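Worksheet for the structure shown next.
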Amino acid sequence: ALKKYQGSTLTEQQQAEGLKDLVAFMTKTKPYLDSDLTITDLAEQMSLPSRHLSQIINGCLGQNFLDFVNSYRVEEARRHLEDPASQLSILGIAMELGFNSKSAVYNAFKRHVRQTPTNYRQSNAAARASDLQTKS
């Protein structure tokens, strides 16, 4: 366990259950779409002390709060970028998904997907085009 949580009353079992609840909450209610979301806000929405939420994210996932939230935003952005019908610009997607700037979405995307959103969109478009050629 991390040293900074040595005095914590949260058991490993409670952390595991908390993580399960957190993932379900994030998936169902999508609080990450709020660009001003803080760990305190999220903890309140989940009726958890923020120090417990912090311990669950840091201890179970080895991520800080911003990384954790951005991982959800990036997954959502990937869906938009993979959708050929999506007409949104990368900045449009970024704003819709709670990123505060184009650089924030680029940095998070590079960190989680190891390529820029532009490259991701282009490689998906190229993959779709070659799939269409293969099928015809």
Is it true that some residue in the stretch 92-103 is open to solvent by 20 Å² or more (accessible area, probe 1.4 Å), part of a helix (DSSP H, G or I) and under 23 Å from Ala126 (Cα atoms)?
yes
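Given the options Phe109, Phe25, name the one that is out of contact with any helix residue (DSSP H, G or I) (no Cβ under 7 Å at 6 or more places or on another chain) and among the aromatic types (Phe, Trp, Tyr). Reasoning before the result, please.
Values: Phe109 fails: out of contact with any helix residue (DSSP H, G or I) (no Cβ under 7 Å at 6 or more places or on another chain).
The match here is Phe25.
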Failed condition for Arg79, given (1) surrounded by 15 or more Cβ atoms within 10 Å (Cβ to Cβ); (2) among the charged types (D, E, K, R); (3) closer than 15 Å to Leu33 by Cα, with all others met?
(1)
For the stretch 39-60, name all the residues that are touching a residue at least 24 places away in the same chain (Cβ under 8 Å) and either of a type in the set (D, E, K, R) or open to solvent by 60 Å² or more (accessible area, probe 1.4 Å) (or both).
Arg51
Residues satisfying the stated conditions in the stretch 50-85, i.e. among the acidic types (Asp, Glu) and outside any helix (DSSP H, G or I)
Asp83
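Considering only the stretch 106-118, how many residues are part of a helix (DSSP H, G or I) and either surrounded by 14 or more Cβ atoms within 10 Å (Cβ to Cβ) or aliphatic (A, V, I, L, M) (or both)?
Looking only at the stretch 106-118, we keep the residues that are part of a helix (DSSP H, G or I), and these are 106-113, 117-118.
Narrowing further to those that are either surrounded by 14 or more Cβ atoms within 10 Å (Cβ to Cβ) or aliphatic (A, V, I, L, M) (or both): 106-110, 112-113, 117.
Total meeting the criteria: 8.
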From Gly98, Gly92, grab the single residue that is touching a residue at least 12 places away in the same chain (Cβ under 8 Å) and within 19 Å of Tyr72 (Cβ to Cβ).
Gly98
Pairs under 7 Å by beta carbon, first residue within 14 Å of Ala104 (Cα to Cα) and touching a residue at least 40 places away in the same chain (Cβ under 8 Å) in the stretch 114-126, partner open to solvent by less than 60 Å² (accessible area, probe 1.4 Å) and not β-branched (Val, Ile, Thr), six or more apart or different chains?
Pro117/Ala77; Pro117/Leu81; Pro117/Tyr106; Pro117/Phe109
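The values are calculated or read from the model by the stated rules, or taken from the named source; none is laboratory data. Note that the structure is a prediction, hence the values are computed from the model and not measured. Neighbour counts are summed over all protein chains in view; Cβ atoms, including those assigned to glycine, are modelled from backbone coordinates with ideal geometry. Just so you know, the surface numbers come from the protein's heavy atoms only, side chains and all, with ligands and any DNA or RNA stripped out. Shrake-Rupley method; radii C 1.70, N 1.55, O 1.52, S 1.80 Å.
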